[in-house]
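The values are calculated or read from the model by the stated rules, or taken from the named source; none is laboratory data. Every value quoted in this text rests on a predicted model; they were computed, and no experiment measured them. Here the Cβ is made from the backbone with ideal geometry for all residues, glycine too, and neighbour counts use every protein chain on show. Calculation scope for accessible area: heavy atoms of the full protein, side chains included, ligands and nucleic acids excluded. Shrake-Rupley method; radii C 1.70, N 1.55, O 1.52, S 1.80 Å.
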Amino acid sequence: MEFQWIKIPYALLSIFIIFNIGMLINGVVRKIGARVGGRYGIRVYQPYIDLIKNYALRSNVSHGIMFYLGPVFRLTGGVGVYLLVPAIYGSVMFSNFSFAGDMIVALYFIFFGTLGMALGAGEGGHPYSALGIGRGLAQVTAAEIPMVMAFLGVAVQYQSLNITTIVAAQQGGIMNWTMMTNPLITILGLIAFLGTMMRSPFDIVLAPQEIPIGPPTEFHSTFLGVLQTNRAIFPMAKTVLFMNLFFGGATNWWILILKVFLIYMVSVIVGVVFPRFRADHSIRWFYKYALPLGILALIVTSIIF
Amino acid sequence: MVNPLYIFILALGAGFLLTLFDKAGRKVSLIIFYAVLAAMVAISAQWLVALIGGSETAMIYTAGFKPPFSINLQMGLEEAIFTLAVNVLGLLSGLYLIKKFSAIKVNAMVLFLMMIMGINGLIMTRDMFNLFVFMEITSIATFAMIGIERDVKTLSAGFKYMIAGGIASVLFLIGTIYLYCFSGMLHIDSMAMAIDTASSQATLLAVFILLMAIVIELKPFPANGWALDVYEAADPGVVAVIAAGSSAGMLFALYKITPLLNETLLLTLAAIGVTTFLASNLMGLMQKNAKRLLGYSSIGQIGLVMGVFAMLVYLGYPINGKMVMLIAGGLFITHFAAKAGLFWLAGILNKEEIEDWGALRKKPIFLFAFGAFILALVGLPPFPSFFAKWQMVMVLAKEGQFIFIAAVLLGTLLEAVYLFRWLGKVLQAEVKEKLKISFAQGLPILVAVFTALGLGAYTATVVPGGESLNIFYLPLLLVVAMFVLDFLPAWVKNTIVIAAMGLFTWKLLPNLESYRFMFGIIFMVGGIILLIPGYAYKGKRVGFYPFAVMMYTGLAGLLMAENTLQLFTAWELMTIGSYFLIIRGKKAKPHALSYLLFSLGGAYVMLSGLGLFFAENGGNLDIALLSTITQSSSIIYILLVVGFLTKLASMGLHIWLPGAHAEAEADVSPMVSAILLKAGMFGLIVVMSAIQNPMIGKVDINYILSWVGAITVFLGNLAAIYQEDAKRLLAYSSVGNLGYVLFGLSLMTHLGWLTSITYALNHFLFKALLFLAIGGVVWRVKTKNMYEMGGLIKRMPISFISVLIGIITLAGVPPLSGYAGKWLTYNILLEKGWYFQGIVIIIGGLIAFLYCFRLIYAVFLGQLKDEHRNVKEAPLPFLIPQVILMIAIMFFSAYPGMILSHVGDFLTKIFPAGGIDWQGGVAMTQFGHWDGFTILMLTGGIFVAVLAWLMINNRKTQKVKQFNIVYAAERPSRPELTHVGYNFFAHYNKALGVLSTPLAVKFWNGIADGFHATGDFFRKIYTGNGQTYLVHIILFVVVVYAFVIGE
């Protein structure tokens, strides 16, 4: 199959669109959170200002080559995951590079960014970074359990690993969505989503109120700018992936924005309500509750489908 | 042709006259003494040559009459062999004792001559009473030789010997008297024809008593306490003759009266023999005194020979036929040479405890001899005992005697425990003192070891199937060359070995087909790459190259094996070579032992399976027939698979791996981890492609294997995250990764096997890379604990990149080739529907991320420790293979189809349906697709783009000092304060602690302790009191008689 070079500008356009979606959703969510808490809240376009400010800082400090590369790995991971997932069903322009791999490559590419970030933070030489990474990785591997089981369940249901095929099977009305045809798997997937979004109760990694040191403090200026860029793209990429697998995909950008926003709000709402788990709590939680649920969901899926 | 009577004439004459000649000076007597011994050797040798050439068996008549009216001697082929062996032993032992003989009274030499002469008589005589006479001569001479030291221990040991000998003599006489009464003759052959044990109870009793007399002399369990005291106390030069020579004589006596025995007696004899073997080796486990240990081994080996001989005769094999000669003879001659050699060594070292034999390290050739004797006793190639045991298992399996086989193999394993434990102590001992070995002491040992080796080569040619062993000629020639050239500097030897292996591989690989070709690349090409780090070693590296070549010989043999004998020989060669490589590590002693015992145990289980295969297919060794077996195929399957799983280190059989791989030297670890484990996979492929539906009742064995594989992945990876030692982490990671291989194979589908092979290829690439990189790091920083490292990225950047690529491949993160395995795993789960094993495997794979990160973080990132501020990058010979492997990984990641499509082609022959459809470089299955090249390009492109973006937007970056970090009002001053290295995953341990209980270790330790405790308990019957031993003997006779009557 000849490589179509037109794909590259399409991909850049796609990234640009999702970047903006991510920034705006970030701003809106923070505004909503503030309003719920009785405050006025930031301007909706505040994330843009933060980003430009970081890129414009005149000086920056580095701890070494891997520190330099950490944010690069992270953003590569974020953009890579997004590009491997088809964004708009039925659109050649916005199916990105999903012809190169199926859902498994997206699943495993998520780790690329995590690994890079871990390496970068580790190079910072700060012990708290290392602590955070240790917890974060341990939690990620526990949180991945429902994720892989949910993905596997979806694959069993549709007998395919190809995301486009799965989205195609969900067209034709809300009753065809995986959410409706296989609610157990969707619940499992949502639990996985919570784990991967790293909001409460699973935000021990950064534990914002507890450890005001480590990566957020050590990375600054352009490095932090790159990480913030990633913070706009990566969660969106994961949400788009979940949308494709469980909620019927999107046939145009407006539906995509709506669905992504709503799915994202699920994690936000859970996040503002629940307190934080400790690292061993969260690991045990995933093994004790998510794993049996996953087994049950798989059994049911394999029987029905 | 000299009349054999001259043996006796010369011995007796010299014996009488030596006291006279001694008046002329000790030198004169010594000359005569050795001359006589040499003459005895010459006579036996002359007869042997003549008999091999085809002469008739000679009957020597005395007193002018023919038997049964007179005594006659016989010199046939068996007699010539045995007398030659005994006489050579006598000459060499006499030479060994030259210092003693020069110093003490001349009577010693006289008695020695009598002892040797007596044994010759035991062998040659054909008259029952004459046999008794020679037995007595030997006994008295031996007793005197034992007591020659005149200290308490020897005199009491000698006395106990006389007590036992006395009982034996009494019983012999009674038996002979009654047999004479019943048959009217004393000539053995005529007696055999005239006596029928079935005719009356009394006849049976008479034969029984006679048999017991000889058996007692052969030291059966439990009536052998006296023998152990003799072995322990007497002078080693004398004990050598007793252990080897007297047993030779008595065994031959047994051989002579065998025609008198009936089936019940033969079976009883077999039982006594194998029980003695098992019991002696069990009791030897706790022994610390060197000579007593050798005593246990001796008794055991004689019991084995006796038992095997009796069993073969019972099964109907002719007494002087080829099978009996090969099996019993092979076992016996190995014992003969090895025991004599070991006792001679004991005399040289003159140390009581086995711990103290370390001085042998000062004399390499004698260390070699020691190791050779140990290998010979356990029954490893290239010694005759190996082929004898092989043939024994084949023959007995054909006859259905599986309990006997199991008992013998168990006994051998027990013997291996204490012998190799001893060898390990010697190899790793701290040596301070010098060792002096005189020519007279050294020569016999060297003769013994080279005789054993030579006889091994000969036995290899006569064993059925032996012609096929010529595939080993060239490689073994290289092994011998490396032993001889061991004085050269290491880099010279390295070059020779790499060149030789390269040439051999060049010739071999094109002739291999399908999966053998692929394994050939891993074993041979991989082996050559992994020899390159050898250039980093200064000095001579004595003892490395012969065994490294031996290991690769075994691997090459596996690739070429067409029949089961070749397979098993290759397997054992591989085990021996790798054992000696692993034990080179400083702290490797217990781990190398554990490795060897598991390997041997697995090999013996495999041997049983091969024996059953031999029996089921009617006596054919061809491996290709494995697929045609219908009956018992499941049992053969289980036995062979268990054997291969010990090499593959599956859960439960894995406990040897972490220690062995972690403590091995820096370039040995990659060899054993990346290459050797695949030998187990090779075996599994051979078996599983031949026997495709193994079932026990309704249970599919492969289903069980899939669970074993899944649990191995999970628990192996889980154990790895808690390790503090970098190499142990990698070792546990190997355990986990090979679980994937087992799982994939057990699925028995095209894609499943493709997955296994992909994992195996990837594992070879990344594990070699990781072990080399970490080996290089450890080389420089001199510690293996990760919490003592840190920040090494600044000093060792290339090693860092190697580890980075290695862990990305291990974790299976795209774009590198490890992802191929993960993607295939999902495909096979969807295809087969075994979701639960799949979940366990996937979780295990996720856990792998944890230790991947820990490895790279703790070693390379963070703060550099003060003592490492000036470490250099790893030595260049370590870096070159790393670069080669990294290039290989990149190639495999970009063009996976080039390799995997060929793999798919040969898998189609076994599993026609369900493969990968390769369209261009894109892999398509019914479920999904994967384009390795595009993903690699995509990742690279994004990475470069983002990096460019960062650099465009960057201002002047200021590099700050190490401690310039925000630390909440504290100022860290030492790197140790900022390095989070120890107990990194404490929270994981807290959450999942229960899953990490070392059940397997506890299980195997429990078994080992159980055996040791049992052995220790039974040892207590040897109280040292001669009267107790007397009671033992009498009770033994009574109890055995009760069994015989009961039959």
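Looking at the range B:826-841, which of its residues are open to solvent by less than 10 Å² (accessible area, probe 1.4 Å) and either polar (S, T, N, Q) or within 37 Å of the chain's Cα centre (by Cα) (or both)?
Correct list: B:N827, B:Q837, B:G838, B:I841.
Return yes when B:L772 is modelled with pLDDT under 90 and aliphatic (A, V, I, L, M) and no when it is not.
No, not satisfied.
If A:G249 passes every condition in (1) within 14 Å of another protein chain (Cβ to nearest Cβ); (2) under 20 Å from A:I110 (Cβ atoms); (3) modelled with pLDDT under 90 but one, which one does it miss?
Going through the list (1) within 14 Å of another protein chain (Cβ to nearest Cβ); (2) under 20 Å from A:I110 (Cβ atoms); (3) modelled with pLDDT under 90, A:G249 breaks only (1).
List the helices (runs of 4 or more DSSP H) that sit entirely inside the range B:1-118 and contain at least 2 residues that are aliphatic (A, V, I, L, M) and more than 42 Å from the chain's Cα centre (by Cα).
B:5-22, B:26-53
Would you point out which residue out of A:Y68, A:Y45 is out of contact with any Phe, Trp or Tyr (no Cβ under 9 Å at 6 or more places or on another chain) and either open to solvent by 10 Å² or more (accessible area, probe 1.4 Å) or touching a residue at least 12 places away in the same chain (Cβ under 8 Å) (or both)?
A:Y45
For A:S62, all conditions in the list (1) modelled with pLDDT of 85 or more; (2) open to solvent by less than 40 Å² (accessible area, probe 1.4 Å); (3) of a type in the set (G, A, S) hold save one; what is the number of the exception?
All conditions are met except number (1).
For the range A:48-59, how many residues are open to solvent by 30 Å² or more (accessible area, probe 1.4 Å), aliphatic (A, V, I, L, M) and within 14 Å of chain B (Cβ to nearest Cβ)?
Residues meeting the conditions: 3.
Given the conditions (1) facing chain B (nearest Cβ under 8 Å); (2) open to solvent by 10 Å² or more (accessible area, probe 1.4 Å); (3) on the phi > 0 side of the Ramachandran plot, and given that A:G90 satisfies all but one, which numbered condition is not satisfied?
Tallying (1) facing chain B (nearest Cβ under 8 Å); (2) open to solvent by 10 Å² or more (accessible area, probe 1.4 Å); (3) on the phi > 0 side of the Ramachandran plot, A:G90 fails exactly one: (1).
Answer with yes or no whether A:M147 is more than 9 Å from every other protein chain (Cβ to nearest Cβ), under 25 Å from B:G821 (Cβ atoms) and at pLDDT 80 or above.
yes
Tell me the residue from A:G22, A:G41 that is at positive phi and either more than 9 Å from chain B (Cβ to nearest Cβ) or among the basic types (K, R) (or both), please.
Selected residue: A:G41, the only one of A:G22, A:G41 that is at positive phi and either more than 9 Å from chain B (Cβ to nearest Cβ) or among the basic types (K, R) (or both).
Residues that are within 13 Å of chain A (Cβ to nearest Cβ) and in contact with a strand residue (DSSP E or B) (Cβ under 7 Å, 6 or more places away or on another chain): list the strands (runs of 3 or more DSSP E) wholly contained in the range B:902-1012 that include at least 2 such residues.
In the range B:902-1012, the matching strands (runs of 3 or more DSSP E) lie at B:922-924, B:929-931, B:957-959.
Could you grab me the full set of residues in the range A:217-238 that are in a helix (DSSP H, G or I), within 11 Å of chain B (Cβ to nearest Cβ) and open to solvent by 40 Å² or more (accessible area, probe 1.4 Å)?
Matches in the range A:217-238: A:T217 only.
Within 14 Å of chain B (Cβ to nearest Cβ), touching a residue at least 12 places away in the same chain (Cβ under 8 Å) and assigned to a helix (DSSP H, G or I): which single residue out of A:L152, A:L161, A:L194 fits that description?
A:L152
For the range B:200-232, which residues satisfy the criterion of being of a type in the set (G, A, S) and either buried (at least 24 other Cβ atoms within 10 Å of the Cβ) or within 20 Å of B:G273 (Cα to Cα) (or both)?
Correct list: B:A206, B:A213, B:A223, B:G225, B:A227.
Which condition number does B:M898 fail, the rest of (1) assigned to a helix (DSSP H, G or I); (2) buried (at least 24 other Cβ atoms within 10 Å of the Cβ); (3) among the aliphatic types (A, V, I, L, M) being met?
Going through (1) assigned to a helix (DSSP H, G or I); (2) buried (at least 24 other Cβ atoms within 10 Å of the Cβ); (3) among the aliphatic types (A, V, I, L, M) one by one, B:M898 breaks only (2).
What pairs can you find where one residue is in the range B:90-108 and of a type in the set (S, T, N, Q), the other is part of a helix (DSSP H, G or I), and their Cβ atoms are less than 6 Å apart, with a gap of 6+ or different chains?
Hits for this filter: B:S93/B:G237; B:S93/B:A240; B:S93/B:V241; B:S102/B:R26.
Which residues, counting only those in the range B:600-621, are of a type in the set (S, T, Y) and either surrounded by fewer than 23 Cβ atoms within 10 Å (Cβ to Cβ) or out of contact with any helix residue (DSSP H, G or I) (no Cβ under 9 Å at 6 or more places or on another chain) (or both)?
Within the range B:600-621, just B:S608 meets the criteria.
Restricted to the range B:857-885, and to residues that are over 27 Å from B:L977 (Cβ atoms) and assigned to a loop (DSSP other than H, G, I, E, B), which residue is farthest from the other protein chains (Cβ to nearest Cβ)?
B:P875
Do we find that B:A624 is open to solvent by less than 20 Å² (accessible area, probe 1.4 Å) and either over 23 Å from the mean Cα position of the chain (by Cα) or over 30 Å from B:K782 (Cα atoms) (or both) in this structure?
So B:A624 does not fit the description; no.
Here is a list: A:L262, A:L241, A:L256. Which entry is surrounded by fewer than 18 Cβ atoms within 10 Å (Cβ to Cβ) and modelled with pLDDT of 90 or more?
Only one candidate qualifies: A:L262.
Might you check whether a residue that is open to solvent by less than 10 Å² (accessible area, probe 1.4 Å), under 19 Å from the mean Cα position of the chain (by Cα) and either under 29 Å from A:N96 (Cβ atoms) or of a type in the set (D, E, K, R) (or both) occurs anywhere in the range A:122-136?
Checked the range A:122-136: at least one residue is open to solvent by less than 10 Å² (accessible area, probe 1.4 Å), under 19 Å from the mean Cα position of the chain (by Cα) and either under 29 Å from A:N96 (Cβ atoms) or of a type in the set (D, E, K, R) (or both).
Filter the range B:863-895 down to residues that are touching a helix residue (DSSP H, G or I) at 6+ places or on another chain (Cβ under 7 Å) and open to solvent by 40 Å² or more (accessible area, probe 1.4 Å), then give me how many there are.
5
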